[in-house]
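**Student:** Starting off with a structure, shown below.
The values are calculated or read from the model by the stated rules, or taken from the named source; none is laboratory data. Not measured: the values here are computed from a predicted model. Glycine gets a Cβ as well: all are built from the backbone with ideal geometry, and neighbour counts include every protein chain shown. Ligands, DNA and RNA are stripped out before the accessible areas are found, and what is left, the full protein with its side chains, is counted by its heavy atoms. Shrake-Rupley method; radii C 1.70, N 1.55, O 1.52, S 1.80 Å.
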Amino acid sequence: MLKEIDTSNIHHIIEQKLIVPHFQGIIDFSSKKMFGVESLIRTTSPTPKLTPEELFINAQSKNCLLELDTLCLQQAISAFSKQQLSGYIFINVLPTSLEHICHYFATTDISIPLTHIVLEISEKHPFNNISQLNEHILTLRNYGILIAIDDLGAGYSGLKAWAEIQPDFVKIDRHFIDGIHSDGIKREFVRSILEIARGIGCEVIAEGIETIEELEVLQSFNIKLGQGYLLHKPEEKPSSISVENLPFNSHSLTLRKINTRPTETAESILEKREPISPDIRADIINDEFKNQPHISSLPIVKNSIPVGIISRFNMLETFSGRYSHQLHGDKPIEEFMNKAPVIVDSQTSLQDISKRITNNDNIDLNTDLIITKNNHYIGIGKTARLLEELTNSQIRYARHSNPLTLLPGNVRIYEWLDSLIQKEENFWLAYFDINHFKPFNDYYGYSRGDEVIVSLSEAIVKNTSVNLDMVGHIGGDDFVVIFRSSDWKARCKKILEDFKTSSIEFYSEKEINENGIWCEDRQGKPTFFNIITLAIGVVNPDPASCQSHHDVAALASTAKHEAKKKKDNYLFVSRRRFPKNYRFEHSIT
């Protein structure tokens, strides 16, 4: 419950500077040392103990938010300087305070290099005027100060703000870190953020790391920076921070990212927008932008072929001078347009578009994309919408991942198979199944059974190509691999070898010597079952004959049953390429 304090008390706290910063280390996972610290404000005696949230709520109610925000900034810089802390200092600031903060840095002698300061702008606070916010941020950047978006994912404007502000750091809200090892949707959200950030040169910081399991998952994603109680608890005077004893880089192979998956296309972000001619007068377009503030850019098209794009920012900047209308008004818009816009076909995947944009430093992320069909203009696409669609796509796929191995489940496998059939691509489907797995489960228990399943998943993942093949866990002890690797047979044989070696480790010495276990069969009769083995059935479907994933699944199921007849570690390769009910449409002559 919010503590009640009167006006004199909150003003007394500010006037007497009765707040003190505590510093929490931000750890560089590669060096296992402190990259920087975040300043977390605490009240000091004799004031009542207030959390930062309570402090700011009370300050807001007494109309002294700006004074409190400025004091927090001053105290953080002063304490960081006096303690001679190394690295960067991350300081939370309110968007509404930025104008005053710009003035503060311009008129105050700061005791530490400005290049060591990172100002965090929280997504929890609304960005009412992005244009004005960007002006202040540009001023701060000119001083050498870095910018971070804090609590990414906690509000509703994060992706848009990210695209508009282009921060140096993004800090993922702790909600998405908490329990990430057991939540597929959170893992896919973080994967999406990392994928975008790496492309645009933005560093990601994971907040709120509190368990070894969370740390291991984040390490498997190759996140470089993190903070949380597991790594370092906030201290008023932190000593040298190191995390040498934590188990970095010990993640399971099954946590790897599956790169090859179906994606949405540029058509999914298409917006209709009337193009303009390259010979139209510049002052007409300037008026167009003024009258329609929702338009961020206009595509320029000649004979239905896109030749450039003009952005609101560039146009308004061109006409911001005193004599700009006289100098530029009657010139054709083609003299001011971007002659190298990002032009993509409507069937280009969103991931390919993202890579193209983020790998080119010369591309302005605030400018819209031009979308074409058969090289003819059909509309535009917004970068913010692209980022949003990529994140939603990752979350949709996460819903259909297996919770034990984190591998794609039936839905994603079926979608990928249908995509390959539609494109008539050649592939081999391998169906993996463990012989005698049920009696093993009954004898040793489900926990040991899960260990066997995870062990098999690791063997499969290790022996498949992350760029060409797709691994799926369709339930229980059943796995599939969609192979596009030319050496698929050698990979299958290596999986058989690895499983044969690892399976022995799950039995006691007595059962190993007897080469199996006594257990009740499905009819309840005592039966001897040999040590578990692996059956692999492989098919090479004919895309022209198979209508959908159902046909491929039928072929693969038959191949698996043939492999299981051997009751040993065995690879069966089927010669059948089309389903039994397939009929030739043309007579054989």
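**Student:** At 1.4 Å probe size, with every protein chain present, just tell me what the per residue accessible area of the chain comes to in Å². Before the final figure, lay out the partial values.
**Tutor:** Values: 28830 Å² over 589 residues.
Counting only protein heavy atoms, the per-residue value for the chain is 49 Å².
**Student:** Treating cross-link reach as a plain straight distance, find the lysines whose alpha-carbon is under 28 Å from the alpha-carbon of Lys373, omitting any fewer than eight places away in the same chain.
**Tutor:** Hits, sequence-local ones excluded: Lys160, Lys272, Lys302, Lys339, Lys355, Lys382, Lys423.
**Student:** Cross-link partners among lysines for Lys49, C-alpha distance below 22 Å, same-chain residues fewer than 8 apart left out?
**Tutor:** Cross-link targets: Lys3, Lys17, Lys62, Lys233, Lys237.
**Student:** So how tilted is helix 130-142 from the main axis of the chain? Cα-based, degrees 0 to 90, rounded to 10.
**Tutor:** Compared with the principal axis, the helix lies near 80 degrees.
**Student:** For the range 170-234, what class follows from the C-alpha gyration tensor (a ≥ b ≥ c being the square roots of its eigenvalues): rounded when a/c is under 1.5, otherwise prolate if a/b is larger than b/c, else oblate?
**Tutor:** Details: a/c = 1.90, a/b = 1.28, b/c = 1.49.
Cα axes put the range 170-234 in the oblate bin.
**Student:** R0 = 30 Å: FRET efficiency of Ser548 with Asn392, Cβ-based, nearest 0.05?
**Tutor:** Values: r = 25 Å, r/R0 = 0.83.
Working from the Cβ atoms, E equals 0.75.
**Student:** Calculate, in nm to one decimal, what Lys438 and Arg522 gain on full extension: separation in residues at 0.36 nm each, minus their alpha carbon distance. All intermediate terms of the calculation are to be shown ahead of the outcome.
**Tutor:** On the way: separation 84, 0.36 × 84 = 30.24 nm, distance 0.93 nm.
This chain segment gains 29.3 nm when fully extended.
**Student:** Just tell me which lysines come within less than 20 Å, Cα to Cα, of Lys500; anything on the same chain fewer than 8 places away is out.
**Tutor:** Hits, sequence-local ones excluded: Lys438, Lys462, Lys489, Lys510, Lys560, Lys564, Lys565, Lys566, Lys567.
**Student:** Sort 206-214, 378-386 for me by packing, meaning the mean count of neighbouring Cβ atoms within 10 Å per residue, highest on top.
**Tutor:** Values: 206-214: 19.6, 378-386: 22.1.
Per-residue mean Cβ counts within 10 Å order the peptides as 378-386, 206-214.
**Student:** Packing-wise, with mean Cβ within 10 Å as the measure, how do 275-288, 17-30 rank, highest first?
**Tutor:** On the way: 275-288: 16.9, 17-30: 20.1.
Per-residue Cβ counts within 10 Å, averaged per peptide and sorted highest first, yield 17-30, 275-288.
**Student:** Counting only protein heavy atoms and using a 1.4 Å probe, what share of the accessible area of the range 165-217 belongs to carbon plus sulfur, as a whole percent? Mind showing how you got there, number by number?
**Tutor:** Working: 750 of 1720 Å².
Here carbon and sulfur together make up 43 percent of the probe-accessible area.
**Student:** May I pose another question? Expressed as an acute angle from 0 to 90° and rounded to the nearest 10, what is the orientation of the C-alpha long axis of helix 184-200 relative to the principal long axis of the chain?
**Tutor:** 60 degrees
**Student:** Does the range 481-568 classify as rounded, prolate or oblate by the C-alpha gyration tensor (a ≥ b ≥ c root eigenvalues; a/c under 1.5 gives rounded; else a/b over b/c gives prolate, otherwise oblate)?
**Tutor:** Working: a/c = 4.10, a/b = 1.76, b/c = 2.33.
Verdict is oblate for the range 481-568.
**Student:** What FRET efficiency would be calculated for the residue pair Asn426, Phe313, taking the C-beta separation as r and a Förster radius of 51 Å, to the nearest 0.05?
**Tutor:** On the way: r = 48 Å, r/R0 = 0.94.
About 0.60, to the nearest 0.05.
**Student:** Considering only DSSP states other than H, G, I, E and B, which trypsin sites (Lys or Arg not before Pro) in the range 48-117 qualify as loop sites with at most 12 other Cβ atoms within 10 Å?
**Tutor:** On the way: sites: Lys49, Lys62, Lys82; in loops: Lys49, Lys62.
Passing both the DSSP loop test and the Cβ count: Lys49.
**Student:** What is the local net charge at Thr70, summed over the other residues whose Cβ is closer than 12 Å to its Cβ (Lys, Arg +1; Asp, Glu -1)? Intermediate values should be presented prior to the final figure.
**Tutor:** Details: positive: Lys17; negative: Glu67, Asp69, Glu99.
Around Thr70, the surrounding residues sum to -2.
**Student:** Right, another one. How far is it, in nm, from the label point at Gln347 to the one at Glu213 when both lie 7 Å from their Cα along the line to the Cβ?
**Tutor:** 4.4 nm
**Student:** Only helical DSSP H runs with n ≥ 4 go in: add -39500 (n - 2.57) per run for the chain, normalise by residue count and round the 222 nm mean residue ellipticity to 500 deg cm²/dmol. It would help to have the intermediate numbers written out before the result.
**Tutor:** Working: 19 runs with 217 residues, N = 589.
It comes out at -11500 deg cm²/dmol, rounded to the nearest 500.
**Student:** If I fit a long axis through the Cα atoms of helix 549-564 and take the longest principal axis of the Cα atoms of the chain, what angle between them do I get, 0 to 90°, rounded to 10?
**Tutor:** Its long axis makes an angle of about 50 degrees.
**Student:** For a protection proxy built on the mean count of beta-carbon atoms within 10 angstrom, sort 330-336, 455-461 highest first, please.
**Tutor:** Details: 330-336: 15.7, 455-461: 22.7.
Per-residue Cβ counts within 10 Å, averaged per peptide and sorted highest first, yield 455-461, 330-336.
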